[in-house]
């Protein structure tokens, strides 16, 4: 399975493309492509959003479902999706 | 310290307003990303793994308390309440939002700070010795020359589009605390046979994927010719440096390819034309800048060492801090205090807004309102009365800034790595924190003695791994984080590049490997011998055998 990951233009935070062609910070609410045709459709929508200056650099990432949660399979994308693996100073 | 004149202020304020308009146009969609990217980078704004990142210069590592408070304000108002001090003596904010950047830059401009030339193929922030002006071994204050270089290199029209970025470092002391031999240009002050102070000029040092120790192309340069000689070097580089391949575009590649003698010849040929031009620095100009860095009005004080030793006997934690974090000051009765940003609880170089504010207050109370940032991602209070040390230590301890580990195993340089950086292949911070946790016994830390561990999360080497006594490089090996080790690196006056131990280790074995290396060292060292000295004496074999078994 695949999802679209990107950064929003205005705040820069990581977002995922949703089924209704919007964007969410919550990976659990992002659209899932289960085959190449669906992935191509999502990517086309995302590229249109990039051209419309909504997001930056969208691309597809492979994900798996683990215990009901989406998890990017590559650790770089996992960290990108879930934030730094170290505690933020507070 | 230096204060902006009307030209500096005008330049920075105009840039803020220009970038504000550019940002507005970008958000409205009037500028596309490929048009906007170079404009934002010219102001220090990157897009990283999770968000935008704003890099702000701390010129040659010198900060006033007022500036530190403004850095805290920016962290609190526009970011997640913290900032990250880097190996370039700069600060980075990891979560800044594009819409807020112009306001943040306007706030920083109020205290004479900005992100201009903190990115891109131009002359970056000149870095220096964190003990500048207060070190006992210093010949002249390097900040004076750093400031002169800053003024010369700021928006220098000829050098705004170099083949690649360009970093200059200056030390005014024979003991190099500024790593000048691993910069594009390193300037090391020393005296010639006639006793006059001048610069050894070292060119083509650098780290990254092709590390080099710089080569000396002039043994002694009179300060009056500093700018003309720098200009000649930059001109040769700008003309002859490669532009076809960004990995071969740094000056180190050019110097290595043509050789130091040929490079020197080209520089000298160019220098002949401009040596006595308007670039020549009259003594009056050097004196004018020097006045900004005039020594403080130090009080005549007695040496307080005996009393400190007594306080140390009564309090071993204070004694450990005194030994590791406090350095000699050139004026009797004063001390240089290093503030470790390497506690167990925070990533190396990170500081919360509350810590920044508190540190600014301590600078005001104990150190003439001044602070320094060093390239090992720590801070310095340069002018503390010895008699205030105990009180200051207590206050630092109360905000988790008194870890007594400067120059020791847990005083680790670590780049942001894959926790933040879009270029990284592996994480750095968790390895640093694991090492720190493994070496929590300060007795053990001090028993191991002087040691630098430097960690980079990719071959760009922002974590200076090539010049760590122990260097750790994170790599991606078939989708897993692996860590390669180098031993014997150093960035001081006897700089050397580390040697690879052999194959890397998976993340869960990396800290064990550090321990193996250090246990081996402790076993074979001579009395009083630092890790680096032992390595230089015995070479790789015992360490290799300990790590990988008999060959």
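The values are calculated or read from the model by the stated rules, or taken from the named source; none is laboratory data. Predicted, not measured: the structure shown is a model, and the values here were computed from it. Methodologically, a virtual Cβ is constructed for each residue, glycine included, from the backbone with ideal geometry; neighbour enumeration extends over all protein chains shown.
If I filter region B:20-44 down to residues being touching a helix residue (DSSP H, G or I) at 6+ places or on another chain (Cβ under 6 Å) and more than 9 Å from chain A (Cβ to nearest Cβ), which single residue comes out as nearest to residue B:142 (Cα to Cα)?
Among them, the one singled out is B:43.
Hey, any hits in region A:61-83 for a residue that's under 9 Å from the mean Cα position of the chain (by Cα) and either modelled with pLDDT under 95 or away from chain B (no Cβ under 14 Å) (or both)?
no
Would you be able to tell me the number of residues in region B:102-122 that are in contact (Cβ under 8 Å) with a residue 40 or more places away in the chain and either within 19 Å of residue B:65 (Cα to Cα) or surrounded by 24 or more Cβ atoms within 10 Å (Cβ to Cβ) (or both)?
Matching residues across region B:102-122 total 12.
Out of B:99, B:80, report the one residue that is out of contact with any strand residue (DSSP E or B) (no Cβ under 9 Å at 6 or more places or on another chain), surrounded by fewer than 24 Cβ atoms within 10 Å (Cβ to Cβ) and either at negative phi or at pLDDT 95 or above (or both).
Just one listed residue meets the conditions, B:99.
Given the conditions (1) surrounded by fewer than 21 Cβ atoms within 10 Å (Cβ to Cβ); (2) under 14 Å from the mean Cα position of the chain (by Cα), which single one is not true for residue B:343?
(2)
Those residues that are more than 13 Å from residue B:204 (Cα to Cα) and not in a helix (DSSP H, G or I), I need them from region B:241-264; list them, please.
Correct list: B:242, B:243, B:244, B:245.
From (1) outside the structural domain of residue B:150 (by TED's automatic domain parsing); (2) part of a helix (DSSP H, G or I); (3) more than 30 Å from residue B:399 (Cβ to Cβ), pick out the condition that doesn't hold for residue B:267.
(1)
Quick one: is residue A:27 surrounded by 14 or more Cβ atoms within 10 Å (Cβ to Cβ), at negative phi, in contact with a strand residue (DSSP E or B) (Cβ under 8 Å, 6 or more places away or on another chain) and within 14 Å of chain B (Cβ to nearest Cβ)?
yes
All but one of (1) closer than 26 Å to residue B:422 by Cα; (2) surrounded by fewer than 17 Cβ atoms within 10 Å (Cβ to Cβ); (3) touching a residue at least 40 places away in the same chain (Cβ under 8 Å); (4) more than 14 Å from chain A (Cβ to nearest Cβ) hold for residue B:9, so report the exception by its number.
Going through the list (1) closer than 26 Å to residue B:422 by Cα; (2) surrounded by fewer than 17 Cβ atoms within 10 Å (Cβ to Cβ); (3) touching a residue at least 40 places away in the same chain (Cβ under 8 Å); (4) more than 14 Å from chain A (Cβ to nearest Cβ), residue B:9 breaks only (1).
Filter region B:406-454 for residues that are in a helix (DSSP H, G or I) and away from every other protein chain (no Cβ under 14 Å); which is surrounded by the fewest Cβ atoms within 10 Å (Cβ to Cβ)?
Here the answer is B:443.
What tally of residues in region B:79-119 results from selecting those that are more than 14 Å from every other protein chain (Cβ to nearest Cβ) and under 18 Å from the mean Cα position of the chain (by Cα)?
Result for region B:79-119: 12.
Name the single residue that is surrounded by the most Cβ atoms within 10 Å (Cβ to Cβ) among those in region A:57-71 being in contact (Cβ under 8 Å) with a residue 60 or more places away in the chain and in contact with a helix residue (DSSP H, G or I) (Cβ under 9 Å, 6 or more places away or on another chain).
A:63
Which of the numbered conditions does residue B:3 fail, given that it passes all the others? Conditions: (1) more than 21 Å from the chain's Cα centre (by Cα); (2) under 25 Å from residue B:371 (Cα atoms); (3) part of a helix (DSSP H, G or I).
Single failed check for residue B:3: (3).
Yes or no: region B:59-77 includes at least one residue that is surrounded by fewer than 23 Cβ atoms within 10 Å (Cβ to Cβ) and assigned to a loop (DSSP other than H, G, I, E, B).
No, every residue in region B:59-77 fails to be surrounded by fewer than 23 Cβ atoms within 10 Å (Cβ to Cβ) and assigned to a loop (DSSP other than H, G, I, E, B).
This table checks each residue for (1) surrounded by 23 or more Cβ atoms within 10 Å (Cβ to Cβ); (2) under 16 Å from the mean Cα position of the chain (by Cα).
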{"residue": "B:128", "(1), (2)": "yes, yes"}
{"residue": "B:135", "(1), (2)": "yes, no"}
{"residue": "B:139", "(1), (2)": "no, no"}
{"residue": "B:148", "(1), (2)": "no, no"}
{"residue": "B:151", "(1), (2)": "no, no"}
{"residue": "B:160", "(1), (2)": "no, no"}
{"residue": "B:168", "(1), (2)": "yes, yes"}
{"residue": "B:171", "(1), (2)": "yes, yes"}
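Does residue A:21 meet the test of being touching a helix residue (DSSP H, G or I) at 6+ places or on another chain (Cβ under 7 Å), at positive phi and away from every other protein chain (no Cβ under 14 Å)?
Criteria met by residue A:21.
Based on this model, can you work out whether residue B:88 counts as under 26 Å from residue B:168 (Cβ atoms), at pLDDT 95 or above and surrounded by fewer than 23 Cβ atoms within 10 Å (Cβ to Cβ)?
Criteria met by residue B:88.
Please determine whether any residue of region B:334-351 is modelled with pLDDT of 95 or more, more than 14 Å from chain A (Cβ to nearest Cβ) and in a helix (DSSP H, G or I).
Checked against the condition, which is being modelled with pLDDT of 95 or more, more than 14 Å from chain A (Cβ to nearest Cβ) and in a helix (DSSP H, G or I), region B:334-351 yields no hits at all.
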